Structure formats: structure tokens, C-alpha cells
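> Pasting in a structure now, in C-alpha cells, and then I'll have a few things to ask.
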Amino acid sequence: MPDRALPNLDLRGLQPPEARARAFTGMFRIKPGQRVTILADSASVEQEIMKWIGEIGHRFLKTTPVERDGRASRAIELIKQDARR
């Protein structure tokens with residue numbers, strides 16, 4: 001399946017500030033125009049990441065519930081955009 005081949009950032013188990021920082025640094029390994037999935041297991045982390053996506057300017061695609069490694073979480077799909085200057 002193509003979705004499983006997407007690069008992902010696993011932010012499960014983190015607090016919002018740490019999740020935001022890890023999402024920021026994790027995006028350096030993703031090329032502009034590439035799709036990526038971010039995994040979050042709490043509503044507060046999901047809200048923080050959605051806020052961050054809007055601030056940075058990445059293109060939000062969708063959020064879906066998933067179960068990976070026996071843990072329920074939310075998958076946030078986006079397309080990385082070039083950094084705003």
C-alpha cells in the first residue's frame with residue numbers, strides 16, 4: 001500500500017512542546033513536495049501540530065485514526081512545502 005511507504009514522524013507519547021520541536025527537526029530529512037505522516041496519540045499534540053503546520057506553511061491533507069504497534073493514534077498527512085522566508 002502506498003500510505004505505508006510514506007515517511008513518518010512518530011510523536012506518540014510526547015508533550016506538545018516536545019512534539020512540536022521534534023516535528024520541526026524531523027522535517028529536515030523530508031524533501032519539499034514529499035508527503036509525510038505524523039503520528040500523534042493525544043488531542044493536545046494533534047492541536048499543536050496542526051497549529052505548527054499552519055505557521056510553517058506545509059500543506060495539510062487529512063487526519064485519520066490509525067492503530068500501529070497496538071496503539072491507537074491519529075495520522076496527520078501533509079506535504080512539506082519550502083520554508084517561508
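> Could you look through the range 4-41, keep only residues that are without any contact (Cβ under 8 Å) to a residue 24 or more places away in the chain and open to solvent by 30 Å² or more (accessible area, probe 1.4 Å), and pick out the one that is farthest from Glu77 (Cα to Cα)?
For the range 4-41, the residue satisfying everything is Glu18.
> Tell me which residues, restricted to the range 55-74, are within 12 Å of the chain's Cα centre (by Cα) and under 13 Å from Ala23 (Cα atoms).
Once the filter is applied, which keeps residues that are within 12 Å of the chain's Cα centre (by Cα) and under 13 Å from Ala23 (Cα atoms), the range 55-74 yields only His58.
> How about the range 35-85: which of its residues are among the basic types (Lys, Arg) and assigned to a loop (DSSP other than H, G, I, E, B)?
Residues satisfying the conditions are Lys80, Arg84, Arg85.
The values are calculated or read from the model by the stated rules, or taken from the named source; none is laboratory data. All figures in this text were calculated on a predicted structure; none of them were measured in a lab. In this analysis, Cβ positions are derived from the backbone assuming ideal geometry, glycine residues included, and neighbour counts consider all displayed protein chains. Surface areas here come from the heavy atoms of the whole protein model, side chains and all, with no ligands, DNA or RNA. Shrake-Rupley method; radii C 1.70, N 1.55, O 1.52, S 1.80 Å.
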